[in-house]
Amino acid sequence: MTARALTPAEMAARLGEELGVSRWFTIDQPMIDAFAALTEDDQFIHTDPERARKTPFGGTVAHGFLTLSLLSAMAYDAEPPLAGARMSVNYGFDRLRFVAPVPAGARVRGRFVLAGLEERRPGEVTLAWDVTVEIEGAERPALAARWLQRWYLVNGGQG
């Protein structure tokens with residue numbers, strides 16, 4: 001079920017609130033291996049279960065950047081649409097920390113708290129999200145970030 005689109009004013013009224021939680025995503029070894037091949041980061045803690053078993057992690061772990069890359073899919077699940085939006089772009093991060101490793105086979109999900117909204121000019125809105133990616137059953141999250149998105153609205157946000 002898709003959430004009702006919120007106007008920028010409705011979004012602004014909800015600053016500081018958690019506006020969504022994504023579904024769970026399983027980060028299995030084939031996903032980790034595919035990411036390693038794509039990014040050419042094949043460090044053994046990600047791709048060699050036997051060697052990784054002898055590390056403090058006790059097995060392979062996902063790349064932090066793999067977990068980070070899932071934010072887009074998590075956002076599609078969790079964030080309410082912005083009314084009148086014609087497109088959005090990733091504007092970057094004000095803060096990003098990889099807090100805990102994600103073991104191969106673990107499930108993760110994202111929690112999205114609206115932390116800021118700025119209309120730079122008519123039809124251009126920057127949203128700041130405090131995002132936490134939880135690891136199912138773990139005390140600490142995989143990552144915590146302040147993620148910035150730039151949204152462009154139809155007709156400059158006038159309808």
### Amide hydrogen neighbours beyond the local backbone of Gly20, cut-off 5 Å, H modeled
Phe112
### Task
Obtain the radius of gyration and the Kirkwood radius of the range 1-82 from its C-alpha atoms and give Rg over Rh.
1.17
### Task
Name the residues whose placed amide hydrogens come within less than 5 Å of the amide hydrogen of Val61, ignoring near sequence neighbours (fewer than 5 apart) on the same chain.
His46, Ala104
### Message
Take Arg51 and Ser72, extend 7 Å from each Cα along the Cα→Cβ direction, and tell me the distance between the two endpoints in nm.
### Response
3.0 nm
### Query
What is the order of Val113, Val154, fewest Cβ neighbours within 10 Å to most?
Val154, Val113
## Note on the structure
Low-density loop trypsin sites (Lys or Arg not before Pro), the range 31-83, at most 14 other Cβ within 10 Å, DSSP non-H/G/I/E/B, are Lys54
### Query
About the Cα centre of the chain, what is the dipole size in debye to 20, counting +1 per Lys and Arg Cβ and -1 per Asp and Glu Cβ, all else neutral?
240 debye
## Note on the structure
Full extension between Ala144 and Ala12 adds, at 0.36 nm per residue less the Cα distance, a length in nm of 45.3 nm
### Task
State the percent of C-alpha pairs, over all pairs in the chain, separated by a distance greater than 24 angstrom.
40 percent
### For the range 105-157, the fraction of alpha-carbon pairs in successive 5 Å shells from zero, as %
5, 19, 20, 16, 12, 10, 8, 6, 3, 0
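Where a number appears in this text, it was derived from the coordinates with a stated rule and is not lab data. Bear in mind the structure is a predicted one, so any value in this text is a computation, not a measurement. Don't worry about glycine lacking a Cβ; one is built from the backbone with ideal geometry, like all the others, and counts go over all protein chains shown.
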